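The values are calculated or read from the model by the stated rules, or taken from the named source; none is laboratory data. Note that the structure is predicted; figures quoted are calculated from it, not measured. No Cβ is skipped: glycine too gets one built from the backbone with ideal geometry, and neighbour counts run over all protein chains shown.
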Amino acid sequence: EDQVTQSPEALRLQEGESSSLNCSYTVSGLRGLFWYRQDPGKGPEFLFTLYSAGEEKEKERLKATLTKKESFLHITAPKPEDSATYLCAVQARGGGNKLTFGTGTQLKVEL
Amino acid sequence: DTAVSQTPKYLVTQMGNDKSIKCEQNLGHDTMYWYKQDSKKFLKIMFSYNNKELIINETVPNRFSPKSPDKAHLNLHINSLELGDSAVYFCASSQVQDSYQNIQYFGAGTRLSVL
């Protein structure tokens, strides 16, 4: 069974204090790894898809990386508006279009 | 113009009642999904439809019945509601055919509270 574990569960940063969120996964053949952002009271919003180990993608202050066992979401010089829950999900080969999600990391960036 | 829209946004009802949640997407996608997010924020897939055909049916009580009248709509009907059904239900859609990516776009959610 596919499994996704995210750490830490919660993270509090000062504005400008860079950090990384971790997503460890176990899947029978990775087809894709997805990062989403979820704000309170809203649905998840797509950020990145990574397909193979060594791949990296960037968007503003966010950078996602992928290895064969885990993915990191690096946040550089975060701002308060980066506060949200970040969700990681995997899609397995032969699993149809099913995404298996982790429980997320709740990030709060303070002034 | 909202890409994936769900109604209602909030639903408060008594145990034993039957209720429906509606979902519509205007992205032209061929696949739609229902997810359940529990109080610990864990998001778990329930169903997936591709061009009105059920393709994913996770271990969900048969009190839950999805219906897809066309590929732009996927509704969720729940019979005999129980306390444990209280959660946020999300609809999502993606383009699967002729697309290497499976980026799923989510609605804003329906918060169901069973009293």
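Suppose we filter A:TYR51, A:TYR36 for residues that are among the aromatic types (Phe, Trp, Tyr) and surrounded by fewer than 17 Cβ atoms within 10 Å (Cβ to Cβ); which single one remains? Give the derivation first.
On the way: A:TYR36 fails: surrounded by fewer than 17 Cβ atoms within 10 Å (Cβ to Cβ).
The conditions single out A:TYR51.
Have a look at B:PHE47, B:PHE42 and point out the one that is closer than 18 Å to B:GLY109 by Cβ, modelled with pLDDT under 95 and in contact with a Gly (Cβ under 9 Å, 6 or more places away or on another chain).
Working: B:PHE47 fails: in contact with a Gly (Cβ under 9 Å, 6 or more places away or on another chain).
Result of the check over B:PHE47, B:PHE42: B:PHE42.
Say whether the condition of being more than 14 Å from chain B (Cβ to nearest Cβ), closer than 28 Å to B:TRP34 by Cβ and not in a loop (DSSP other than H, G, I, E, B) is met by at least one residue in the range A:90-105.
No, the range A:90-105 has no match at all.
Test A:THR65 against the criterion of being within 22 Å of A:VAL27 (Cα to Cα), surrounded by 14 or more Cβ atoms within 10 Å (Cβ to Cβ) and more than 14 Å from chain B (Cβ to nearest Cβ), and give yes or no.
On the way: within 22 Å of A:VAL27 (Cα to Cα): yes; surrounded by 14 or more Cβ atoms within 10 Å (Cβ to Cβ): yes; more than 14 Å from chain B (Cβ to nearest Cβ): yes.
So A:THR65 fits the description; yes.
Before we move on, is A:THR85 at the interface with another protein chain (Cβ under 9 Å from one of its Cβ atoms), under 30 Å from B:PRO8 (Cα atoms) and among the β-branched types (Val, Ile, Thr)?
Yes.
Taking the range B:35-84, which residues are over 18 Å from B:GLN6 (Cα atoms) and hydroxyl-bearing (Ser, Thr, Tyr)?
Hits for the range B:35-84 are B:SER39, B:THR59, B:SER80.
Residues checked against (1) closer than 28 Å to A:GLY96 by Cβ; (2) within 11 Å of chain A (Cβ to nearest Cβ); (3) among the β-branched types (Val, Ile, Thr):
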{"position": "B:GLN14", "(1), (2), (3)": "no, no, no"}
{"position": "B:SER20", "(1), (2), (3)": "yes, no, no"}
{"position": "B:GLY28", "(1), (2), (3)": "yes, no, no"}
{"position": "B:THR31", "(1), (2), (3)": "yes, yes, yes"}
{"position": "B:TYR35", "(1), (2), (3)": "yes, yes, no"}
{"position": "B:ASP38", "(1), (2), (3)": "yes, yes, no"}
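Determine the pairs where a residue that is more than 12 Å from chain B (Cβ to nearest Cβ), located within the range A:43-59, has a partner that is surrounded by fewer than 15 Cβ atoms within 10 Å (Cβ to Cβ) and of a type in the set (Ser, Thr, Tyr) with Cβ atoms under 7 Å apart, the partner being 6 or more residues away or on another chain.
Every condition considered, the pairs that remain are A:ALA53/A:THR67.
Determine which single condition B:THR110 fails, assuming it passes every other condition in (1) buried (at least 19 other Cβ atoms within 10 Å of the Cβ); (2) among the polar types (S, T, N, Q); (3) modelled with pLDDT under 95.
The number of the failed condition is (3).
Name the pairs whose Cβ atoms lie under 7 Å apart, with the first residue in the range B:49-72 and within 14 Å of B:ASP85 (Cα to Cα) and away from chain A (no Cβ under 11 Å), the second surrounded by fewer than 16 Cβ atoms within 10 Å (Cβ to Cβ) and modelled with pLDDT of 90 or more, and 6 or more positions between them or separate chains?
Qualifying pairs under 7 Å: B:ARG63/B:ASN79; B:ARG63/B:SER80; B:SER65/B:HIS77.
Do you know which residues across the range B:73-109 are farther than 20 Å from A:LYS98 by Cβ and facing another protein chain (nearest Cβ under 10 Å)?
Within the range B:73-109, just B:ALA108 meets the criteria.
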